[in-house]
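**Student:** The structure follows.
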Amino acid sequence: MINITLPDKSIKAFESYPNGMDVALSISEGFAKNCVAMEINGKMVDLNREIKEDSSLRFITTKDKEALEILRHSAAHVMAEAVQNLYTDAALTIGPVVEDGFYYDIDMKPVSEEDFPAIEAEINNIIKAKKTFERKVVTSEQALEIFKNNPYKTELIQELAAQTAEQELSLYQQGGFTDLCRGPHIPHTGMIKGIKLMKTSGAYWRADQSKAQLQRLYGTAFFDKKDLNAYLHLIEEAKKRDHRKIGTKLDLYSFHQEAAGMPFFHAKGMAMWNVLLEYWREEHKRAGYVETKTPVMLSRHLWEQSGHWENYRENMYTSVVDEEEYAIKPMNCPGGMLLYKTGSYSYRDLPLRAGEIGLVHRHEKSGALSGLFRVRAFHQDDAHIFMTPEQIEGEILGVLQLVNRIYSRFGLGFHLELSTRPKKSIGSDEQWEEATNGLKNALNKYGKDYVINEGDGAFYGPKIDIHIKDALGRTWQCGTIQLDMALPERFDLSYKGADNEKHRPVMIHRVIYGSIERFFGILVEHFAGKFPLWLAPVQAVILPINDDLAPYAHGVSSQLSEYGIRCDVDTRTESLKKKIRDAQVNYTPLIITIGDKERESLTLSVRTLDGNVKMGMTMDGFVKSVVKHIKNRVFEDIVL
RNA sequence: GCCGGCGUAACUCAGUUGGUAGAGUAGCUGAUUCGUAAUCAGCAAGCCACCAGUUCGACUCUGGUCGUCGGCUCCA
């Protein structure tokens, strides 16, 4: 007699050893159909596993989060079989589940998207055949024999054998196809209802450039075709928001092959840029920061002292000036160190919060460049905070609060990640402990959940990374708060304590926008080009309904400009309808039509992007409410 | 940097058995002077990314360079 305890504490009894499917069927046939795998005493296994002792059991159904991973893992096997069937000399390596699907790295001739239809057709044959996944346990010797023609699997088996004491490995077989795998898998291939190959790329075996280049095939899979379609739709949406496209359309910035990876900002882009910085300066002033500026190019000696020459040399642009070697700064901190050293500080001067909008250059690999998201020249909204060790917690908390203020203004949510001491690091255990605890205490006090990335910190100190979430739910790392225990040492920074002794200040290095270029790009995609009024490159466009009204329209424009409203006048000899349409597709928040009526009554007729038109607004009334809306940087659309 | 795709007018894109190129939008000119999401007509615009090669002849085929896109790697 076997007793199975279900999560609701009910107990099912079986005469002989049941497998998961038997238990599921004992609940109901419909339920069993949606079961994907099960967890027995906390261990995830296949549904067809026989249960030989009293156990607690939890079914994983298609609704559970884990189910999708299991499905995709199985889908990876199906794709691997399809590829193997079509390309008989292909050697499989590894095929894990990733965030939006799965991939399989395969040693084979390069494939492109043109090959997808054939592979997908084969995949669908396998799915239609409803092949079951059979688990087999073998010894590592047997496994080595089975995969003797595949050097990658051989390497994996040898590694696994060295790790596992029992020397037992599991294989999964679907029809005639066998793969090394921990499992579990879905009961049969027919459960995959929506599957699609997404892209290909090269990838190195074990992510090592010196090793074989493999073909990575990306795919995704769902239990329901509808989910697949929704996912594909999301990708389409993201494509429409591509900041490279919108930036061109709205005339914000451009890229040129004469300066790869170095964006050009146009007048309208700069208008937004300046708004972003104006806001930044306002918030930072309020938070007790001063603003500084350090040179773009500094002598090699400085970089040797900071350690960049040794650790970051390959990303730095250099030049020789009067026979002395210079480097264009990839980071602002060494310059910031020199600034600190020009003064002498008492503990009463700390914390010292010195911000800098610093233009940095980094020679990124050509293949890494991508619009505004990954560039070679960018501005960091940097700041260095010098403080006493006791101030760490309070200062970090202050930065977190500032981060929250600033991101909220754009309607961006965020989450926090704490990265701790990596294997390769400098500094003593005590220093690390004190620093890491400082960060943790601040995080706890801040009260928002955070993820810990063990060993992911910088070699010179632990850090908090801030990941924002945009309107499509995509996350981006922007802000970072890094505790630096190296530079104050290397530059011999000090302050006078209350004890009249010299002490070493602690330094943090933090950004909020991160790269202003990148943050800009994120905002473009986040808003899909439809910016809040305060941020819009052109806030109002004035449309005279005939040519005679053009001079008056220009007059209105200069009046509005006096109040800091960014406006354009559309004097093209086009129909009003046409001008309105153009203003709408460019997401100009305020569309002002000027006709004889308006001129005579000195009023404005204002159309907002929602299509509402407010006629007969007085200039005063309009300016008052618009200026207030802009000044308060209201996120929501203006209602007149 | 590596793998694969792509590079045609300012923008978005057509253009296959190799015979020096089109469309829409934007621009310009003219007509229309218009009341809330596209008025009409005409014109101009391209060394088909660049450099070699194959060929009588290359946008088209081959090689290389640059840029770009998706990944790998890296990261703000």
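**Student:** Any residue in the range A:328-336 that is touching a Leu at 6+ places or on another chain (Cβ under 7 Å) and open to solvent by 40 Å² or more (accessible area, probe 1.4 Å)?
**Tutor:** Within the range A:328-336, none of the residues are touching a Leu at 6+ places or on another chain (Cβ under 7 Å) and open to solvent by 40 Å² or more (accessible area, probe 1.4 Å).
**Student:** Hey, which of the strands (runs of 3 or more DSSP E) in the range A:151-259, taking only ones fully inside, have at least 2 residues that are more than 14 Å from RNA strand B (Cβ to nearest atom), without any contact (Cβ under 8 Å) to a residue 40 or more places away in the chain and not β-branched (V, I, T)? Spell out how you get there, then give the answer.
**Tutor:** Details: elements: A:168-174, A:177-180, A:194-204, A:213-222.
Correct list: A:168-174.
**Student:** When A:G564 is evaluated against the numbered criteria (1) assigned to a loop (DSSP other than H, G, I, E, B); (2) more than 42 Å from the chain's Cα centre (by Cα), which criterion, by number, is the only one it fails?
**Tutor:** Every listed condition holds for A:G564 apart from (2).
**Student:** Return the residue satisfying two criteria in turn: it lies in the range A:306-327 and is out of contact with any His (no Cβ under 8 Å at 6 or more places or on another chain) and of a type in the set (S, T, N, Q), and of such residues it is surrounded by the fewest Cβ atoms within 10 Å (Cβ to Cβ). Write out each step before concluding.
**Tutor:** Of all residues in the range A:306-327, those out of contact with any His (no Cβ under 8 Å at 6 or more places or on another chain) come to A:306-313, A:318-326.
Then keep just the ones that are of a type in the set (S, T, N, Q); that gives A:306, A:311, A:318-319.
Details: A:S306: 22, A:N311: 12, A:T318: 14, A:S319: 10.
Here the residue is A:S319.
**Student:** Looking at the structure I just gave you, is A:I594 β-branched (V, I, T), within 11 Å of RNA strand B (Cβ to nearest atom) and under 30 Å from A:D242 (Cβ atoms)?
**Tutor:** no
**Student:** Where residues in the range A:551-574 are of a type in the set (A, V, I, L, M, F, W, C) and open to solvent by 20 Å² or more (accessible area, probe 1.4 Å), which of them is nearest to RNA strand B (Cβ to nearest atom)?
**Tutor:** A:V569
Per-residue answers, yes or no, for (1) assigned by TED's automatic domain parsing to the domain that holds A:C478; (2) touching a helix residue (DSSP H, G or I) at 6+ places or on another chain (Cβ under 6 Å); (3) farther than 16 Å from A:R510 by Cα; (4) not hydrophobic (A, V, I, L, M, F, W, C):
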site: A:P389; (1), (2), (3), (4): yes, no, yes, yes
site: A:L416; (1), (2), (3), (4): yes, no, no, no
site: A:N437; (1), (2), (3), (4): yes, no, yes, yes
site: A:I452; (1), (2), (3), (4): yes, no, yes, no
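**Student:** Another question about this same structure. Quick test of your reading of the structure: A:L277 fulfils all but one of (1) away from RNA strand B (no atom under 13 Å from the Cβ); (2) at positive phi; (3) touching a strand residue (DSSP E or B) at 6+ places or on another chain (Cβ under 9 Å). Name the failing condition by number.
**Tutor:** Exception for A:L277: condition (2).
**Student:** All but one of (1) more than 17 Å from A:H73 (Cβ to Cβ); (2) touching a strand residue (DSSP E or B) at 6+ places or on another chain (Cβ under 8 Å) hold for A:E159; state the number of the condition that does not hold.
**Tutor:** (2) is the only condition that A:E159 fails.
**Student:** Only one residue in A:E237, A:E283 is in the same structural domain as A:F373 (by TED's automatic domain parsing) and acidic (D, E), so which one is that? Step through it out loud before you land on a result.
**Tutor:** Numbers: A:E237 fails: in the same structural domain as A:F373 (by TED's automatic domain parsing).
Every option except A:E283 fails the conditions.
**Student:** Quick one: which strands (runs of 3 or more DSSP E) sit completely within the range A:7-121 and have at least 2 residues that are buried (at least 21 other Cβ atoms within 10 Å of the Cβ), in contact with a Lys or Arg (Cβ under 8 Å, 6 or more places away or on another chain) and modelled with pLDDT of 85 or more?
**Tutor:** Details: elements: A:11-14, A:35-40, A:43-45, A:55-61, A:101-107.
Once the strands (runs of 3 or more DSSP E) in the range A:7-121 are filtered for at least 2 residues that are buried (at least 21 other Cβ atoms within 10 Å of the Cβ), in contact with a Lys or Arg (Cβ under 8 Å, 6 or more places away or on another chain) and modelled with pLDDT of 85 or more, what remains is A:101-107.
**Student:** Could you look through the range A:130-143, keep only residues that are surrounded by 14 or more Cβ atoms within 10 Å (Cβ to Cβ) and either within 12 Å of RNA strand B (Cβ to nearest atom) or aliphatic (A, V, I, L, M) (or both), and pick out the one that is farthest from the chain's Cα centre (by Cα)?
**Tutor:** My answer is A:V138.
**Student:** Could you list, in sequence order, the residues of the range A:496-513 that are over 18 Å from A:L439 (Cα atoms), surrounded by fewer than 23 Cβ atoms within 10 Å (Cβ to Cβ) and touching a residue at least 60 places away in the same chain (Cβ under 8 Å)?
**Tutor:** Within the range A:496-513, the subset over 18 Å from A:L439 (Cα atoms) is A:496-504, A:513.
Adding the requirement that they be surrounded by fewer than 23 Cβ atoms within 10 Å (Cβ to Cβ) leaves A:496-504.
Across the range A:496-513, the qualifying residues are A:K496, A:G497, A:A498, A:H503.
Each row is one residue, and each column tells you yes or no for (1) over 13 Å from A:I186 (Cα atoms); (2) outside the structural domain of A:T200 (by TED's automatic domain parsing); (3) of a type outside the set (K, R).
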{"position": "A:P18", "(1), (2), (3)": "yes, yes, yes"}
{"position": "A:I27", "(1), (2), (3)": "yes, yes, yes"}
{"position": "A:F31", "(1), (2), (3)": "yes, yes, yes"}
{"position": "A:C35", "(1), (2), (3)": "no, yes, yes"}
{"position": "A:I51", "(1), (2), (3)": "yes, yes, yes"}
{"position": "A:S55", "(1), (2), (3)": "yes, yes, yes"}
{"position": "A:L71", "(1), (2), (3)": "no, no, yes"}
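**Student:** Output the residue which, of all residues in the range A:338-388 that are of a type in the set (G, A, S), crowded, with 16+ Cβ neighbours inside 10 Å and within 13 Å of RNA strand B (Cβ to nearest atom), is farthest from A:Y253 (Cα to Cα).
**Tutor:** Checking each candidate, the answer is A:G358.
**Student:** Could you figure out which of (1) open to solvent by 40 Å² or more (accessible area, probe 1.4 Å); (2) touching a His at 6+ places or on another chain (Cβ under 7 Å) isn't true of A:V296?
**Tutor:** Of everything listed in (1) open to solvent by 40 Å² or more (accessible area, probe 1.4 Å); (2) touching a His at 6+ places or on another chain (Cβ under 7 Å), A:V296 misses just condition (2).
**Student:** Follow-up. For A:K285, only one of the following conditions fails: (1) within 12 Å of RNA strand B (Cβ to nearest atom); (2) assigned to a helix (DSSP H, G or I). What is its number?
**Tutor:** Result: A:K285 passes all but (1).
**Student:** Also: Quick one: in the range A:437-461, which of the residues that are assigned to a helix (DSSP H, G or I) and open to solvent by less than 20 Å² (accessible area, probe 1.4 Å) is nearest to A:H415 (Cα to Cα)?
**Tutor:** Within the range A:437-461, the subset assigned to a helix (DSSP H, G or I) is A:437-446.
If we keep only those that are open to solvent by less than 20 Å² (accessible area, probe 1.4 Å) too, we end up with A:438-439, A:442-443.
On the way: A:G438: 19, A:L439: 15, A:A442: 15, A:L443: 11 Å.
Ranking the candidates gives A:L443 first.
**Student:** Can you name every residue in the range A:413-436 that is under 22 Å from the mean Cα position of the chain (by Cα) and open to solvent by 40 Å² or more (accessible area, probe 1.4 Å)?
**Tutor:** Answer for the range A:413-436, where residues must be under 22 Å from the mean Cα position of the chain (by Cα) and open to solvent by 40 Å² or more (accessible area, probe 1.4 Å): just A:H415.
**Student:** Right, next: Give me the residue from the range A:260-274 that is more than 18 Å from A:L535 (Cα to Cα) and crowded, with 16+ Cβ neighbours inside 10 Å and, out of that set, farthest from RNA strand B (Cβ to nearest atom).
**Tutor:** Step one: filter the range A:260-274 for residues more than 18 Å from A:L535 (Cα to Cα), giving A:260-264.
With the extra rule that they be crowded, with 16+ Cβ neighbours inside 10 Å, the set shrinks to A:261, A:263.
Values: A:G261: 6, A:P263: 9 Å.
So, considering only residues that are more than 18 Å from A:L535 (Cα to Cα) and crowded, with 16+ Cβ neighbours inside 10 Å, the one farthest from RNA strand B (Cβ to nearest atom) is A:P263.
**Student:** Does A:D582 fit the bill of being out of contact with any helix residue (DSSP H, G or I) (no Cβ under 9 Å at 6 or more places or on another chain) and near RNA strand B (Cβ under 8 Å from one of its atoms)? Don't jump to the end; show me each part of the working.
**Tutor:** Details: out of contact with any helix residue (DSSP H, G or I) (no Cβ under 9 Å at 6 or more places or on another chain): yes; near RNA strand B (Cβ under 8 Å from one of its atoms): yes.
Criteria met by A:D582.
**Student:** Residues that are of a type outside the set (A, V, I, L, M): which strands (runs of 3 or more DSSP E) entirely in the range A:568-640 hold 3 or more of them? I'd like the intermediate steps shown before the answer.
**Tutor:** On the way: elements: A:590-594, A:603-608, A:613-618.
Of the strands (runs of 3 or more DSSP E) lying wholly inside the range A:568-640, those with at least 3 residues that are of a type outside the set (A, V, I, L, M) span A:603-608, A:613-618.
**Student:** Restrict the check to the range A:194-207 and report whether at least one residue is of a type in the set (A, V, I, L, M), exposed (fewer than 14 other Cβ atoms within 10 Å of the Cβ) and within 19 Å of A:A91 (Cα to Cα). Give the steps one after another, and end with the answer.
**Tutor:** Here is the first cut: in the range A:194-207, the ones of a type in the set (A, V, I, L, M) are A:195, A:197-198, A:203, A:207.
Filter once more, keeping what is exposed (fewer than 14 other Cβ atoms within 10 Å of the Cβ): A:207.
Filter again for within 19 Å of A:A91 (Cα to Cα), leaving A:207.
Yes, the conditions are met somewhere in the range A:194-207.
The values are calculated or read from the model by the stated rules, or taken from the named source; none is laboratory data. This is a predicted model, so every value here is computed, not measured. All Cβ positions, even for glycine, are placed from backbone atoms using ideal geometry, and neighbour counts span all protein chains on display. With ligands, DNA and RNA removed, areas are computed over all heavy atoms of the protein, side chains included. Shrake-Rupley method; radii C 1.70, N 1.55, O 1.52, S 1.80 Å.
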